[in-house]
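As structure tokens, the structure follows; a few thoughts come after it.
The values are calculated or read from the model by the stated rules, or taken from the named source; none is laboratory data. These figures come from a predicted structure and were not determined experimentally. Every residue, glycine as well, gets a Cβ built from its backbone with ideal geometry; the counts of neighbours run over all protein chains shown.
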Amino acid sequence: MAYVHEFGIVACIEKDKEYIHYEPEKYDCIIVDGDFLDKLMSKDFGEKMHQLDTFAHKTNRPYKNLAYFGITLIPPSSHKQFLHIVSEANDEYKSEELEELMKKITEAIKGDKWMIHFGV
């Protein structure tokens, strides 16, 4: 694994907070190899990812996709779409890491919680 992305669940999103600190332990993050994220952002899945409503570092900074080199906040309204994209990718690539990401997204859906993504 040359580089990784990490995904966690935010217990309580702070609307005015700027999420700029690398704190994966605070959000019980899972690790996903960068190669799998590259595949999610490739031509096969990239267009779908570019339609994913997210926020870059703060809830007042709308974004599309994941901030590859930063921190992304993923609202509950985007989780089902994100889960669908990851599920499609997992059907093709068969990865334990993508399976874990699907579990983490499902956990966020059940709890109606925001997710956080730490890019490379």
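Checked against (1) under 20 Å from residue 109 (Cβ atoms); (2) at pLDDT below 95; (3) surrounded by 14 or more Cβ atoms within 10 Å (Cβ to Cβ), residue 11 meets all criteria but (3).
In this structure, is residue 99 modelled with pLDDT under 95, surrounded by fewer than 18 Cβ atoms within 10 Å (Cβ to Cβ) and not β-branched (Val, Ile, Thr)? So residue 99 fails the test. Exactly one residue among 79, 84, 57 is closer than 23 Å to residue 15 by Cβ and either touching a helix residue (DSSP H, G or I) at 6+ places or on another chain (Cβ under 9 Å) or among the acidic types (Asp, Glu) (or both), and that residue is 79. Scan segment 68-84 and tell me whether some residue there is modelled with pLDDT under 95, surrounded by 13 or more Cβ atoms within 10 Å (Cβ to Cβ) and of a type outside the set (Gly, Ala, Ser). The answer is yes; a qualifying residue exists.
Taking segment 18-64 and the strands (runs of 3 or more DSSP E) fully enclosed by it, the elements with 3 or more residues that are touching an Asp or Glu at 6+ places or on another chain (Cβ under 6 Å) and not aromatic (Phe, Trp, Tyr) are at 30-33.
Scanning segment 81-109 for residues that are part of a helix (DSSP H, G or I) and small (Gly, Ala, Ser), we see that the one that is farthest from residue 28 (Cα to Cα) is 89. Of everything in segment 104-120 that is basic (Lys, Arg) and in contact (Cβ under 8 Å) with a residue 12 or more places away in the chain, the residue that is surrounded by the fewest Cβ atoms within 10 Å (Cβ to Cβ) is 113. Of all residues in segment 36-55, which are surrounded by fewer than 17 Cβ atoms within 10 Å (Cβ to Cβ) and free of Cβ contacts under 8 Å to residues at least 24 places away in the same chain? Once the filter is applied, which keeps residues that are surrounded by fewer than 17 Cβ atoms within 10 Å (Cβ to Cβ) and free of Cβ contacts under 8 Å to residues at least 24 places away in the same chain, segment 36-55 yields 38, 42, 43, 46, 47, 50. Residue 78 satisfies every condition listed in (1) among the polar types (S, T, N, Q); (2) assigned to a loop (DSSP other than H, G, I, E, B); (3) under 11 Å from the mean Cα position of the chain (by Cα) except (2).
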